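To start, the structure itself, in structure tokens.
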């Protein structure tokens, strides 16, 4: 079977890019290090019992020429957790381009006469994981500006840009209500500035007296009319601890609230996923239409926009991909990774899906020099425990992309060790603080139960830049502190 034309074009483009990006062929796996002192120090770090008891692959490259300076089981296929996002990010930058933007459209079908649209109004999503209520408010205002005051038909949520498989089949179903495992939809909505798409924020506070129901509200507020909620949360006695919890079982639309919120406690909040991100977004949009002076007489439902005569009356576009990389990588946002993966999949001419999107990721990794024998990819975020990457493969990718025209944006989006500013340090803001790695190392973290990973860049005391990767699967004590020592050793190195 021949490869799809778009993948053939990708492969040719990647080969060309790699030939430009590198001044020499990839270094052989057994390249001799020119710094035996570094090799001795790193091997000493990796002899830690927390590494020896698990399954760890690690490698250090000279960032200037790609030579392997020291390695330990660098070719092992290991569950990478969120280090998978490195592969997703660089592939999206190459395939979609740093200027890529998601969009959302409002489409009418039918004639408008005297302010009345005789037909349906469609809210069509193109996978934007950054869409917020404020964006829907602007879209509603543009519908009003188009002269529409009444819609005789329905408000229709169109999520058909992506397929209807919202929850990856390799994800643990126990994650279903966790904010980091939201369903991936062509039309979705984020309740916060972190762009946690596909979730709603639940705000809780104590009631008027112990034993009374806890006070509950939602962000966005209009989401309440979509949600199915079973509230058994109550007010606890003053001085007791908060036990409030929200849950939603896999396959259910009902959000269950339980536990206690003690008197004297200020308001708290939590995020939970929704069962239908498309209808959630459309419900909030309907409320914004009402506020804008547009009445919809029909119901809110989900369906693809029919082909044929239709008119786009409003459009919203997201930030560029180069800017989206910041919340995506700094905060390790899983939904961003999956939206980008499915967006790449649409280049095959079908609704975006994991299989098509991941074919681009595999192709780009291969042509960047990553050995593919042990690579397994089931998603773009790393939430799947079926994923496998190698430390050598990730390091080669990080080395090769240094010459890509968009590298500066990718590098700037990586978490910065020890920098406590949330959108700078990200998931590394409380690690390696006060060491030579702080405000120096830029790397992607990875975490699942029994999995920790760290891959990126760091400069030694003499200004030499290193590329490093350390992936660990373990069943005992986490080797995460060893990761930090691994990077600190590189940061302190001076030849």
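The values are calculated or read from the model by the stated rules, or taken from the named source; none is laboratory data. Predicted model, so just to flag it, every value in this text is computed and none were measured. FYI the Cβ positions are ideal-geometry reconstructions off the backbone, even for glycines, and counts take in every protein chain you see.
Kindly state which strands (runs of 3 or more DSSP E) lie completely within the stretch 62-135 and contain at least 1 residues that are more than 25 Å from residue 452 (Cα to Cα) and at pLDDT 95 or above.
103-108, 111-113, 116-118, 121-125
How about the stretch 312-426: which helices (runs of 4 or more DSSP H) wholly inside it have at least 2 residues that are in contact with a helix residue (DSSP H, G or I) (Cβ under 7 Å, 6 or more places away or on another chain) and not assigned by TED's automatic domain parsing to the domain that holds residue 194?
Once the helices (runs of 4 or more DSSP H) in the stretch 312-426 are filtered for at least 2 residues that are in contact with a helix residue (DSSP H, G or I) (Cβ under 7 Å, 6 or more places away or on another chain) and not assigned by TED's automatic domain parsing to the domain that holds residue 194, what remains is 321-330, 334-345, 354-367, 391-400, 407-413.
Filter the stretch 216-247 down to residues that are touching a residue at least 40 places away in the same chain (Cβ under 8 Å) and in a strand (DSSP E or B), then give me how many there are.
Looking only at that region, the number is 4.
Taking into account only those residues within the stretch 263-305 that are part of a loop (DSSP other than H, G, I, E, B) and in contact with a helix residue (DSSP H, G or I) (Cβ under 6 Å, 6 or more places away or on another chain), which is surrounded by the most Cβ atoms within 10 Å (Cβ to Cβ)? Steps first, answer last, please.
Of the residues in the stretch 263-305, the ones part of a loop (DSSP other than H, G, I, E, B) are 263-267, 274-276, 293-294, 297-299, 303-305.
If we keep only those that are in contact with a helix residue (DSSP H, G or I) (Cβ under 6 Å, 6 or more places away or on another chain) as well, we get 274, 293-294.
Values: 274: 27, 293: 14, 294: 22.
Among those that are part of a loop (DSSP other than H, G, I, E, B) and in contact with a helix residue (DSSP H, G or I) (Cβ under 6 Å, 6 or more places away or on another chain), it is 274.
Can you tell which of 107, 59, 86 is touching a residue at least 24 places away in the same chain (Cβ under 8 Å), surrounded by 24 or more Cβ atoms within 10 Å (Cβ to Cβ) and closer than 26 Å to residue 335 by Cα?
Answer to the selection: 86.
Within the stretch 427-465, which residues are assigned to a strand (DSSP E or B), over 23 Å from the mean Cα position of the chain (by Cα) and surrounded by fewer than 23 Cβ atoms within 10 Å (Cβ to Cβ)?
Those that are assigned to a strand (DSSP E or B), over 23 Å from the mean Cα position of the chain (by Cα) and surrounded by fewer than 23 Cβ atoms within 10 Å (Cβ to Cβ): 459, 465.
Does residue 132 fit the bill of being out of contact with any strand residue (DSSP E or B) (no Cβ under 8 Å at 6 or more places or on another chain) and surrounded by fewer than 17 Cβ atoms within 10 Å (Cβ to Cβ)?
The answer is no for residue 132.
Within the stretch 136-153, how many residues are in a loop (DSSP other than H, G, I, E, B) and either surrounded by fewer than 20 Cβ atoms within 10 Å (Cβ to Cβ) or outside the structural domain of residue 201 (by TED's automatic domain parsing) (or both)?
5
Output yes when any residue across the stretch 368-378 is under 19 Å from residue 325 (Cβ atoms) and over 17 Å from the mean Cα position of the chain (by Cα), and no when none is.
Yes, some residue in the stretch 368-378 is under 19 Å from residue 325 (Cβ atoms) and over 17 Å from the mean Cα position of the chain (by Cα).
For residue 31, only one of the following conditions fails: (1) more than 29 Å from the chain's Cα centre (by Cα); (2) at pLDDT 50 or above; (3) surrounded by 13 or more Cβ atoms within 10 Å (Cβ to Cβ); (4) outside any helix (DSSP H, G or I). What is its number?
(2)
List the pairs whose first member sits in the stretch 258-280 and is at positive phi, whose second member is surrounded by 16 or more Cβ atoms within 10 Å (Cβ to Cβ) and in a loop (DSSP other than H, G, I, E, B), and whose Cβ atoms are under 6 Å apart, counting only residues at least 6 apart or on separate chains?
259/233; 259/244
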